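**Q** I'd like to ask you about the structure that follows.
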Amino acid sequence: MSRSYNMSVNVSEFDLSRVDKIQDAANDEWSFLDWFTAKDQKTNKVIELSASEDGNLCGGETEEEFSHRLARAIFKANGKPCKVQVSCIFLEDLPCDNYTFDENDADLMKE
C-alpha cells in the first residue's frame, strides 16, 4: 500500500565540492525537483541545501526508515556524515476545512 507524503530535506555542514553528488543521491531516494541554496552573507558560499516534494512511500516503509535511507545516501555522497534534517508530512490525514460558495453567497461581493 502506498501512502502520500510531502518530504523535505535540509542539508548543511557538507563538502562544497560534492553539492551535485548530494543532490543526485537524494534525488535517487525521492523525486526532489527543485533545490534551493542558502549562502553565507560574508563569503557567499553555499551553506545549506534544501528541497521538498510530494510523493509516496511504498512497501510498508515507515517515515523513520525513509529518513534513515535518505540520510545514508547523502552521507555516502558527501563522503562523510553531515547535518541532514528530514521532515515527513503525511498528506492523507491532515486537518482539512472545506468551503463551498455559490450564488446564494452573493453578499460576499459587497465586502
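**Q** Which one of these is more than 20 Å from ARG3 (Cβ to Cβ), free of Cβ contacts under 8 Å to residues at least 60 places away in the same chain and within 21 Å of the chain's Cα centre (by Cα): ASP107, ASP34, ASP93, ASP40?
**A** Working: ASP107 fails: within 21 Å of the chain's Cα centre (by Cα); ASP93 fails: more than 20 Å from ARG3 (Cβ to Cβ); ASP40 fails: within 21 Å of the chain's Cα centre (by Cα).
Residue meeting the stated conditions: ASP34.
**Q** Run TYR5 past the list (1) touching a residue at least 60 places away in the same chain (Cβ under 8 Å); (2) surrounded by fewer than 17 Cβ atoms within 10 Å (Cβ to Cβ) and report the number of the one that doesn't hold.
**A** In the conditions (1) touching a residue at least 60 places away in the same chain (Cβ under 8 Å); (2) surrounded by fewer than 17 Cβ atoms within 10 Å (Cβ to Cβ), TYR5 misses (2) alone.
**Q** Those residues that are surrounded by fewer than 16 Cβ atoms within 10 Å (Cβ to Cβ) and not in a loop (DSSP other than H, G, I, E, B), I need them from the range 32-46; list them, please. I'd like the intermediate steps shown before the answer.
**A** We begin by selecting, within the range 32-46, every residue surrounded by fewer than 16 Cβ atoms within 10 Å (Cβ to Cβ); these are 33-34, 36-46.
If the condition is that a residue be surrounded by fewer than 16 Cβ atoms within 10 Å (Cβ to Cβ) and not in a loop (DSSP other than H, G, I, E, B), then PHE36, THR37, ALA38, LYS39, VAL46 are the ones that fit.
**Q** I'd like the full set of residues that are part of a helix (DSSP H, G or I), surrounded by fewer than 16 Cβ atoms within 10 Å (Cβ to Cβ) and either of a type in the set (A, V, I, L, M) or in contact (Cβ under 8 Å) with a residue 12 or more places away in the chain (or both), limited to the range 17-31.
**A** Going residue by residue through the range 17-31, those that are part of a helix (DSSP H, G or I) are 17-29.
Then drop every residue that is not surrounded by fewer than 16 Cβ atoms within 10 Å (Cβ to Cβ), which leaves 17, 20, 24, 27-28.
Selection gives ASP24, ASP28.
**Q** Determine whether the range 44-58 contains at least one residue that is under 20 Å from GLU92 (Cβ atoms) and among the aliphatic types (A, V, I, L, M). Reasoning before the result, please.
**A** Kept after step one, since they are under 20 Å from GLU92 (Cβ atoms), are these residues of the range 44-58: 52-58.
The next check asks that each one be among the aliphatic types (A, V, I, L, M); those that pass are 57.
The answer is yes; a qualifying residue exists.
**Q** Are any of the residues in the range 92-101 acidic (Asp, Glu) and either modelled with pLDDT of 90 or more or surrounded by 12 or more Cβ atoms within 10 Å (Cβ to Cβ) (or both)? Can you show your working first?
**A** Looking only at the range 92-101, we keep the residues that are acidic (Asp, Glu), and these are 92-93, 97.
Now restrict to residues that are either modelled with pLDDT of 90 or more or surrounded by 12 or more Cβ atoms within 10 Å (Cβ to Cβ) (or both): 92.
Within the range 92-101, one or more residues are acidic (Asp, Glu) and either modelled with pLDDT of 90 or more or surrounded by 12 or more Cβ atoms within 10 Å (Cβ to Cβ) (or both).
**Q** Which condition breaks for GLU61 when tested against (1) in contact (Cβ under 8 Å) with a residue 40 or more places away in the chain; (2) in contact with a helix residue (DSSP H, G or I) (Cβ under 9 Å, 6 or more places away or on another chain); (3) part of a loop (DSSP other than H, G, I, E, B)?
**A** With respect to (1) in contact (Cβ under 8 Å) with a residue 40 or more places away in the chain; (2) in contact with a helix residue (DSSP H, G or I) (Cβ under 9 Å, 6 or more places away or on another chain); (3) part of a loop (DSSP other than H, G, I, E, B), GLU61 is out only on (1).
The values are calculated or read from the model by the stated rules, or taken from the named source; none is laboratory data. These numbers were taken from a predicted model, which means no experiment stands behind them. Reconstructed Cβ throughout: ideal geometry from the backbone, glycine too, with neighbour counts over all protein chains shown.
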